[in-house]
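For reference, the structure discussed in these notes is given below.
The values are calculated or read from the model by the stated rules, or taken from the named source; none is laboratory data. What you are looking at is a predicted structure, and each value in this text was computed from that prediction instead of being measured. For neighbour counting, all protein chains shown are included, and Cβ atoms are generated from backbone atoms with ideal geometry for every residue, glycine included.
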């Protein structure tokens, strides 16, 4: 599917098939989760990142089914480039109503960046002023987990992490996604 | 139209759900009695053997189809003298199989609808159901069973 | 014209303060409080809290207008729904004898004129909007001091824009 067609599909699904929810509700709910994690782990931000990723992973495992059902996807993407476009233009569009840019491909087509011009999870957010959060906390780290979980269900093992975040004072919010391998079909157990 | 049985296999090749409405006639001279009492036999011995056989068949056929027709080719159905087997596989490797009589047209859409309207809505979106349905765990909930039964009966 | 703006929490605890001067009529935005009175600003401002608490129930408005006066210091107040009080102390320049009448039309020169009331209302409203955004940050807890540089910059911008 071409990028422009993917955009149209994403727009169409967003308009017709998605139940909408108040954006602030989402923002505040997610914010509360992150703040509570920071409290529970006593501002061990490395651990908070890990927990967010884990939560995202569990969301991704389920969310992919909703994605496939809503987008009526009947067949696999032909290559990882197409996968990236579908994630950005259909996936992010229908679940968050944003379309991050897909850029910075490596020459082997196995690694790309998602650059977020807007991020509904991070509205209103200012990181704690403790001198560490700006260097350690990836506030929207749940998104990495979501991608990892969702792609694993469609036989792609990926690694995803943020490399910059406007909340930290960087110029942009950018996530790096790398394909590690395609997972083979599981074979039925041999009959005795 | 007669629907004999229905199976779901997860990506770990395990049969996570099966249900039969009418017994498949073993003898072609004795026609199946339609409208029999539906029996849900998830894990009884004979049905689990049957499920294993079905999975082995569709798995081999699907791989063979892909070898002959390319990766995008999909195995849709096959028929024998007694029944027709319809197959639909999601990109997440969830496989839906339904066995019907031989004159039934393609049920691929029906299986797709079951996936979208029943599986995703009642199994995946149930936050208390596990992600992996080992031993059919989490699949056999009332909404899913009821929805499936009504949907299939609506077709007959 | 000099301003001292403070936000006081629902437990009468200070949350934020900012001092600035007028930017209208060629003002440079710097306050002109003398060092002798600067430390008094906090006292004057906080002493008006009692009046604010009385007035706030008398009508349903959030903007209570000018509620208190102490010599040449006027206090305007705005109460949020969460019972947080925005207090603005404004101190018009004492007209020196022989000053031109032009200065009397400036915002703030006459602290109780409708034009001044309106300007302060606009200022409060804008600060309120930004206040809500600031306290929506998940890391902010109720009645915690607001240290956000972004919020401070926005208050400064609102001050420049309206006062």
Answer with yes or no whether residue A:180 is closer than 18 Å to residue A:53 by Cβ, out of contact with any helix residue (DSSP H, G or I) (no Cβ under 7 Å at 6 or more places or on another chain) and modelled with pLDDT of 95 or more.
yes
Looking at region B:42-49, is at least one residue touching a helix residue (DSSP H, G or I) at 6+ places or on another chain (Cβ under 6 Å), surrounded by fewer than 18 Cβ atoms within 10 Å (Cβ to Cβ) and farther than 30 Å from residue A:70 by Cα?
no
If the requirement is being loosely packed, with under 15 Cβ neighbours inside 10 Å and modelled with pLDDT of 95 or more, which of these qualifies: A:174, A:118, A:159?
A:159
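Conditions (1) touching a strand residue (DSSP E or B) at 6+ places or on another chain (Cβ under 7 Å); (2) within 10 Å of another protein chain (Cβ to nearest Cβ); (3) assigned to a strand (DSSP E or B), marked per residue:
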| site | (1), (2), (3) |
| --- | --- |
| A:31 | no, yes, no |
| A:48 | no, no, no |
| A:65 | no, yes, no |
| A:115 | yes, no, yes |
Please find, among C:142, C:109, C:119, the residue that is modelled with pLDDT under 90 and more than 14 Å from chain A (Cβ to nearest Cβ).
C:109
Across (1) within 13 Å of the chain's Cα centre (by Cα); (2) surrounded by fewer than 19 Cβ atoms within 10 Å (Cβ to Cβ), residue A:104 clears everything bar (1)
Quickly run through region B:66-77 and pick out the residues that are more than 13 Å from chain A (Cβ to nearest Cβ) and surrounded by 14 or more Cβ atoms within 10 Å (Cβ to Cβ).
B:77
Qualifying position, being without any contact (Cβ under 8 Å) to a residue 40 or more places away in the chain and out of contact with any strand residue (DSSP E or B) (no Cβ under 7 Å at 6 or more places or on another chain), among A:107, A:7, A:71, A:43:
A:107
Suppose the filter is within 22 Å of residue A:141 (Cβ to Cβ), assigned to a helix (DSSP H, G or I), at pLDDT below 95 and within 14 Å of another protein chain (Cβ to nearest Cβ); does residue A:82 pass it?
no
Quickly run through region B:89-114 and pick out the residues that are within 13 Å of residue B:148 (Cβ to Cβ), within 14 Å of another protein chain (Cβ to nearest Cβ) and surrounded by 21 or more Cβ atoms within 10 Å (Cβ to Cβ).
B:96, B:111, B:114
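Yes/no matrix, rows are residues, columns are (1) free of Cβ contacts under 8 Å to residues at least 24 places away in the same chain; (2) over 15 Å from residue C:63 (Cα atoms); (3) more than 13 Å from the chain's Cα centre (by Cα):
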position	(1), (2), (3)
C:120	no, no, no
C:134	yes, yes, yes
C:141	yes, yes, yes
C:144	no, yes, yes
C:147	yes, yes, yes
C:152	no, yes, yes
C:158	no, yes, no
C:163	no, yes, no
Is it the case that region B:78-86 has a residue that's part of a loop (DSSP other than H, G, I, E, B) and under 29 Å from residue A:148 (Cβ atoms)?
no
Which residue, of A:70, A:75, is at pLDDT below 95, touching a helix residue (DSSP H, G or I) at 6+ places or on another chain (Cβ under 8 Å) and away from chain C (no Cβ under 14 Å)?
A:70
From the list A:129, A:123, pick out the single residue that is more than 12 Å from the chain's Cα centre (by Cα), within 14 Å of chain C (Cβ to nearest Cβ) and without any contact (Cβ under 8 Å) to a residue 12 or more places away in the chain.
A:129
Restricting attention to region A:146-192, report how many residues are within 14 Å of chain B (Cβ to nearest Cβ), in contact (Cβ under 8 Å) with a residue 60 or more places away in the chain and part of a strand (DSSP E or B).
1
Would you confirm, using the coordinates I've provided, whether residue C:79 is in contact with a strand residue (DSSP E or B) (Cβ under 6 Å, 6 or more places away or on another chain) and surrounded by 15 or more Cβ atoms within 10 Å (Cβ to Cβ)?
yes
Hey, does region C:32-46 have a residue that's closer than 16 Å to residue C:111 by Cα and either touching a helix residue (DSSP H, G or I) at 6+ places or on another chain (Cβ under 7 Å) or part of a loop (DSSP other than H, G, I, E, B) (or both)?
no
Single residue of A:15, A:20, A:39, A:5 found to be surrounded by fewer than 17 Cβ atoms within 10 Å (Cβ to Cβ) and within 12 Å of another protein chain (Cβ to nearest Cβ)
A:39
Please state which one of C:134, C:158 is surrounded by 14 or more Cβ atoms within 10 Å (Cβ to Cβ), more than 12 Å from chain A (Cβ to nearest Cβ) and modelled with pLDDT of 90 or more.
C:158
